[in-house]
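K.L.:
First, the structure itself, so that you have it in front of you.
The values are calculated or read from the model by the stated rules, or taken from the named source; none is laboratory data. Owing to the predicted nature of the structure, the values given are computational and were not obtained by experimental measurement. Here the Cβ positions follow ideal geometry from the backbone for every residue, glycine too, while neighbour counts run over all protein chains shown. The area values use the complete protein model at the heavy-atom level, side chains included, leaving out ligands, DNA and RNA. Shrake-Rupley method; radii C 1.70, N 1.55, O 1.52, S 1.80 Å.
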Amino acid sequence: MGRAFEFRKARKMKRWAAMSKAFTRIGKDIVMAVKEGGPDPDSNARLRAVIQNAKSVNMPKDNIERAIKRASDKNQDDYKEVLFEGYAPHGIAILVETATDNNTRTVANIRSYFNKCNGNLGTSGSVEFMFDHTCNFRIKGDGLDPEELELEFIDFGAEEVFEDEDGILIYAPFESFGAIQKELEDRSIEILSSGFERIPTTTKSLSSDEQADVEKLIEKIEEDDDVQNVYHTMEESTEN
């Protein structure tokens, strides 16, 4: 299996564990999708994808509809996606994706986490190059062969296709998202969830004490309401 498979296996159960945090993230995604393309999912591909993700984490339908209605309100502030880059202790690169309505607050908070945990907040471009920006789709695997699917979707940008207990996963470069989404919908293949991830091109192995130092910083960052995702170059265990 390739890097995407190993990355997904290592991160399983480690992110989006808290349902309330997942709902907060989805809510922000809905606001950004509606502000960008309107409240009708039939004409807004990004919103369709967010609604699929909301259903995949069992977000109630009423919550989804309320979030869309709230996002359509002219008084609803928009969220800006801001990327932060830096280093944790022991030379581990950290990439933080945020969605914020107050960048001054977010910058101050993220900087304080790095400082308190012996890390360093870097400048734009300082570590982003160490990660491949990818998109992914989880689809229903009923009657589908992952190997055949991979061959069929290479022309649309797919690089890795593999199966797990929850369906079939398709990984591709970030810019292939729209083409793959459209082809899956055209084929009436059910998309269970989709999204974007940043896969480290190389990882670094640390001792258990060093890992604890890095995890302390990651946990502080992830607790922040403005933070959507945290990626790093620390080698993670693939044990379940």
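K.L.:
Please work out how much length the chain gains when fully extended from SER126 to VAL107, using 0.36 nm per residue of separation minus the C-alpha to C-alpha distance, in nm with one decimal.
P.N.:
5.2 nm
K.L.:
Can you give me the distance in nm between label points at ASP155 and GLU65, each placed 7 Å from the Cα along the Cα-to-Cβ direction?
P.N.:
4.1
K.L.:
Okay, moving on. Say each of ASN118 and ASP78 gets a label point 7 Å from the Cα, pointing the same way as Cα to Cβ; how far apart are those two points in nm?
P.N.:
4.2
K.L.:
Something else now. Would you mind telling me the share, in percent, of accessible area of the chain contributed by carbon and sulfur at probe 1.4 angstrom?
P.N.:
Values: 5820 of 12630 Å².
Carbon with sulfur: 46 percent of the solvent-accessible area.
K.L.:
Beta carbons within 10 angstrom, averaged per residue: use that to sort the peptides 147-154, 33-40, highest first. It would help to have the intermediate numbers written out before the result.
P.N.:
Values: 147-154: 14.5, 33-40: 16.4.
Descending mean neighbour count gives 33-40, 147-154.
K.L.:
Expressed as a fraction of 2.2 N^0.38 Å, the rule-of-thumb size for a compact globular protein of N residues, what is the C-alpha radius of gyration of segment 58-199?
P.N.:
1.31
K.L.:
Would you please state the base-10 log of I(q)/I(0) at q = 0.08, 0.10, 0.12 1/Å for the chain, with intensities from the Debye formula using one equal scatterer on every alpha carbon?
P.N.:
-0.32, -0.50, -0.73
K.L.:
Could I ask something else about it? Taking 7 Å along the Cα-to-C-beta vector as the label spot, tell me the GLU147-GLU235 distance in nanometres, rounded to one decimal.
P.N.:
3.1
K.L.:
Mind jotting down a quarter of the surface of the convex hull over the alpha carbons of segment 182-240, in square nanometres, one decimal?
P.N.:
The number I arrive at for segment 182-240 is 6.6 nm².
K.L.:
At q = 0.13, 0.14, 0.21 Å⁻¹, what is the base-10 log of I(q)/I(0) for segment 45-127 according to the Debye formula with one equal point scatterer per Cα and no solvent? Please give it to two decimals.
P.N.:
Here log10 of I(q) over I(0) equals -0.61, -0.68, -0.95.
K.L.:
Determine, from the Cβ-Cβ distance of ARG187 and VAL57 and an R0 of 22 Å, the FRET efficiency 1/(1 + (r/R0)^6), rounded to the nearest 0.05.
P.N.:
0.35
K.L.:
Once the other residues with Cβ under 14 Å from the Cβ of ASP42 are scored (Lys, Arg +1; Asp, Glu -1), what is the net sum?
P.N.:
Working: positive: ARG46, ARG48, LYS182; negative: ASP40, GLU185.
Once positives and negatives cancel, what remains is +1.
K.L.:
Only Cα pairs within less than 10 Å get springs; with that Gaussian network setup on the chain, which residue of SER194, SER43, SER176 has the largest fluctuation?
P.N.:
Among SER194, SER43, SER176, the largest GNM mean-square fluctuation belongs to SER43.
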